[in-house]
Amino acid sequence: VAIRTVHAFSEEGKSVHVKPASITMQFELMSKLISARSAASPGDAAETCRVVGTLLAMLKKPGLHWRTKVCILATVGPALRILHTTAAAGELDAEVLKTWLGELLGSLTSADAQPQVATIAVAELTTAMRSALRRPGLPLDRVLHELLPRAKGILALVAKTMSGLHQGFLGADNGATAQADPVQVMVRACTGVVGVSHLSWSPCPSGQSWMVHSTFFQTYIAFCTKRGDTHLVEELKALLTSLQAQPKSEAEDHVVFLEAFGGALRAARRWPEPRQNELWAALAPIAAEELKLSEEVNIRNWQFLVYYVIVGVSRRLRPRAEAPAEDVAIRRLAAFLANARGDVTASPMLPAAVVGEDGEASSHAQTTRLRLLQVLLATLQRRRAAVSDDTRSVILQGLVPALKEGISHPYKQVHEESAKAMVLSLCVGLECEVLSDLRAWIAQGASTLGVAIRDAPKESSTSTACEGLVYVLLHGLLGRRMRSLALQSLHFLLAAAAADDHELRALAGLALGCLGQSPQRGLGTLALSEKLVAGCQTALEGEDSGSAQRVRRLEAAATLVGSSALRHDFIFRLSDGGKATKLCHDTLLAMLGDKRVEVRIASQAALAPLLGLETTATCKKMAKAFAAAGGSDEAADRAVHGLSAMLRVAGSLGVPDWLGDVIEALSKAGQRPESKKEVEKTVQAFMKQQQQSRDVWKRCQKRLTEEQMDLLKARQ
């Protein structure tokens, strides 16, 4: 009834044409019926075929509007799909299937088909061919063998139609969400269009559009291969050559190039090795030229291709224990990505980037390779029976040597992308010699560069090498990996945080911040605390005691000890009688007496949150100990900054009971002329914080005695 209503409103040739908005309700109703039908039981095959035959007969009526055709195909498709994908596939009427699939195939290869109709045709034909591959010999399989032509040329027609489906979606800033027509709700319900976040890398309707198109090419090639067609490689070569020859302005054709190339590689992943070699020999030169001419913004499209070739359209929650081997396909793909102009039949070997006159062009090509290899390495982290450990090991052996050189490359983009790829290599989860050697190489490099960076000038090769290694540790920590290796390289990170190069200092500071927040479960609490405080040595061998590098190193070390002690406070207090907590506290307290005020302030900031975790009795005891401190300038500085840390954290704790003791002790410590300015600065910050809220300030006045308030105001 709904379809006939739409037909009555939209029949072509009428003098009165109702606007599409007036029948939007009918489209929404049918989209809900489609979704309900797909989720319900399959029903009776004979009755379904009878109703479907009635609907398909409407397609032959003269003057049929394309919206009515969309409604018919979108309603018929899910009804038949739920049958041919289940056990009822053998009960379907062959004549009904022939009429339905003939309409879909004609819409897909027609030059004047509406995009909504073509979108449905792509999705339904893909599903039908996949069902035929799973259940050979049934009516659906026989009809497809009869309808799909064996002659060349169908892929070119399909590619032309798919290119039109991308028009209007490429080049927009945010991408269009759908075609501007209310019937689109029917298309979305029929094809199950949903946003797939990790595939939505380009401004197109959704990542699923790319996935469905690639799946069509994959399924068609697999179907024709099983049928015994011998012209597939030649037809693919002709298609890719034609698409690659299109100008860059025809972005849709280059998207279809990637969809066809990705689908072909996915379909051929289990072919015999001689046939895979034949395929790569025909397609690799064309794909290499396309990759070479790709602009920066199109690299993410190639990343989608790599992801699809390895992962495919679906992903099992539990991998199969046994599966046909895909090692040859993975090695060929890795060889192509590592060196597109090399021999893909050889072992994958990533060349080093060139430094010199052609360095910029070489670095761009190297960066492109690295970004694609990162996707490859990320997909290899999931262990599958289809990809052996030997293949993973061979790929890593070909990549790691160039990555070691890459992290020291003078171009920033190259050494950063090399660092990301190196981290992903370590995350593959393979116990092999190449990764063990890589971890040892990183540790040795950190030990050597940690000493060399002290005297290295800015923008030197040593500074560049340090920056690359810091990138490795940083990306590892951001990925919640390499925590023990980063802790082992602590002295290197502290040396980098004290370097003259401000960019290197910033990166090292970020890495130390990640390290401080990372749990270290492989070490005992006392051993961990000892490693942390080892970086707080007041003087290193050959280090100038008054240099700026020493100050920056101790600032970074104090911050690390404070953040890590706060992160592990619970286990630090419960294990070994709280020795780890005491060691961290004592180290920071000792640094409060350093001769450089920058170090004292950094230690004070690191100690303050830790003091907020102590009990009232402990805080009162510490306040009295600071008040009684005297004698040397170092002890006086330690007392002033310790009390300042306590006052600082007291402002965030809602005026604790020990605040009065701190104020009295701070007033006594501030009588020293050298400490007066620091005390005034601390009290001013505390008063400003309390007076921001009237209620907080009243509570502060209520909990302090008049004498303590007078002392506080006097020191302000």
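The values are calculated or read from the model by the stated rules, or taken from the named source; none is laboratory data. If you're wondering where the values come from, they're calculated on a predicted model, not measured in any experiment. Neighbour counts are summed over all protein chains in view; Cβ atoms, including those assigned to glycine, are modelled from backbone coordinates with ideal geometry. Quick note on the areas: whole protein, heavy atoms, side chains included, nothing else; ligands and nucleic acids left out. Shrake-Rupley method; radii C 1.70, N 1.55, O 1.52, S 1.80 Å.
Of note:
- Test result for Glu259, surrounded by 15 or more Cβ atoms within 10 Å (Cβ to Cβ), touching a residue at least 60 places away in the same chain (Cβ under 8 Å), acidic (Asp, Glu) and out of contact with any Lys or Arg (no Cβ under 7 Å at 6 or more places or on another chain): yes
- Residues that are part of a helix (DSSP H, G or I) and open to solvent by less than 60 Å² (accessible area, probe 1.4 Å), drawn from segment 421-439: Ala421, Met422, Val423, Leu424, Ser425, Leu426, Val434, Leu435, Ser436, Leu438
- Search result, residues across segment 483-497 that are surrounded by fewer than 24 Cβ atoms within 10 Å (Cβ to Cβ), touching a helix residue (DSSP H, G or I) at 6+ places or on another chain (Cβ under 8 Å) and of a type outside the set (Lys, Arg): Leu485, Leu487, Gln488, Leu490, His491
- Arg672 being surrounded by 14 or more Cβ atoms within 10 Å (Cβ to Cβ), over 22 Å from Ser603 (Cα atoms) and over 48 Å from the mean Cα position of the chain (by Cα): no
- If you filter segment 549-586 down to residues that are closer than 14 Å to Glu530 by Cα and among the aliphatic types (A, V, I, L, M), you find that the one that is farthest from the chain's Cα centre (by Cα) is Leu583.
- Scanning segment 591-604 for residues that are open to solvent by less than 40 Å² (accessible area, probe 1.4 Å) and not charged (D, E, K, R) returns Met591, Leu592, Gly593, Val599, Ala602, Ser603, Gln604.
- Hey, Val76 closer than 22 Å to Tyr220 by Cβ, open to solvent by less than 10 Å² (accessible area, probe 1.4 Å) and at pLDDT 90 or above or not: no
- Output for segment 100-113, where each listed residue is surrounded by fewer than 18 Cβ atoms within 10 Å (Cβ to Cβ) and either in contact with a Cys (Cβ under 8 Å, 6 or more places away or on another chain) or under 16 Å from Leu59 (Cβ atoms) (or both): Gly102, Gly106, Ser110, Asp112
- Helices (runs of 4 or more DSSP H) wholly inside segment 233-326 that include at least 2 residues being within 24 Å of the chain's Cα centre (by Cα) and farther than 16 Å from Leu372 by Cα: 251-267
- From the list Leu647, Leu666, Leu659, the one residue that fits, being among the hydrophobic types (A, V, I, L, M, F, W, C), under 17 Å from Leu704 (Cβ atoms) and over 48 Å from the mean Cα position of the chain (by Cα), is Leu666.
- If the condition is being in contact with an Asp or Glu (Cβ under 9 Å, 6 or more places away or on another chain) and either open to solvent by 20 Å² or more (accessible area, probe 1.4 Å) or assigned to a helix (DSSP H, G or I) (or both), then segment 374-393 contributes Gln374, Arg383, Arg384, Ala385, Ser388, Asp389, Asp390, Thr391, Ser393.
- All positions within segment 460-482 that are of a type in the set (Lys, Arg) and in contact with a helix residue (DSSP H, G or I) (Cβ under 8 Å, 6 or more places away or on another chain): Arg481
Here is a yes/no grid of residues against (1) in contact with an Asp or Glu (Cβ under 9 Å, 6 or more places away or on another chain); (2) surrounded by fewer than 19 Cβ atoms within 10 Å (Cβ to Cβ); (3) closer than 23 Å to Val185 by Cα; (4) of a type outside the set (A, V, I, L, M, F, W, C):
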{"residue": "Thr68", "(1), (2), (3), (4)": "yes, no, yes, yes"}
{"residue": "Ile72", "(1), (2), (3), (4)": "yes, no, yes, no"}
{"residue": "Leu80", "(1), (2), (3), (4)": "yes, no, yes, no"}
{"residue": "Glu91", "(1), (2), (3), (4)": "yes, yes, no, yes"}
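- The residues of segment 12-48 that are modelled with pLDDT of 65 or more, closer than 21 Å to Ile120 by Cα and open to solvent by less than 70 Å² (accessible area, probe 1.4 Å), listed by number, are Ile23, Thr24, Gln26, Phe27, Met30, Ser31, Ile34, Ser35, Ala36, Pro42, Thr48.
- Filtered residue count, segment 612-623, keeping only those that are of a type in the set (Gly, Ala, Ser) and outside any helix (DSSP H, G or I): 1
- Only residues that are in contact (Cβ under 8 Å) with a residue 40 or more places away in the chain, polar (S, T, N, Q) and out of contact with any helix residue (DSSP H, G or I) (no Cβ under 7 Å at 6 or more places or on another chain) were counted in segment 660-713, giving 0.
- Members of segment 516-539 found to be more than 21 Å from Gly578 (Cα to Cα) and touching a helix residue (DSSP H, G or I) at 6+ places or on another chain (Cβ under 8 Å), listed by number: Thr538, Ala539
- Odd one out for Ala121 among (1) modelled with pLDDT of 90 or more; (2) open to solvent by less than 50 Å² (accessible area, probe 1.4 Å); (3) more than 18 Å from Ser209 (Cβ to Cβ): (3)
- Boolean, Thr525 is among the polar types (S, T, N, Q) and in contact with a Phe, Trp or Tyr (Cβ under 7 Å, 6 or more places away or on another chain): yes
- Residues within segment 220-249 that are farther than 14 Å from Ala287 by Cα and surrounded by fewer than 15 Cβ atoms within 10 Å (Cβ to Cβ), tallied: 9
- Residue that is nearest to Gln366 (Cα to Cα), among those in segment 293-320 that are at pLDDT 90 or above and open to solvent by 20 Å² or more (accessible area, probe 1.4 Å): Gln303
- Considering the conditions (1) open to solvent by 40 Å² or more (accessible area, probe 1.4 Å); (2) in contact with a Ser or Thr (Cβ under 7 Å, 6 or more places away or on another chain), Leu647 is excluded by exactly one of them, (1).
- Within segment 659-679, the residues that satisfy the criterion of being over 17 Å from Asp633 (Cβ atoms) and either of a type in the set (A, V, I, L, M) or at pLDDT 85 or above (or both) are Leu659, Gly660, Asp661, Val662, Ile663, Glu664, Ala665, Leu666.
- Selection within segment 500-530 - in contact (Cβ under 8 Å) with a residue 24 or more places away in the chain, surrounded by fewer than 20 Cβ atoms within 10 Å (Cβ to Cβ) and over 32 Å from the mean Cα position of the chain (by Cα): Asp500, Gly524, Leu526, Glu530
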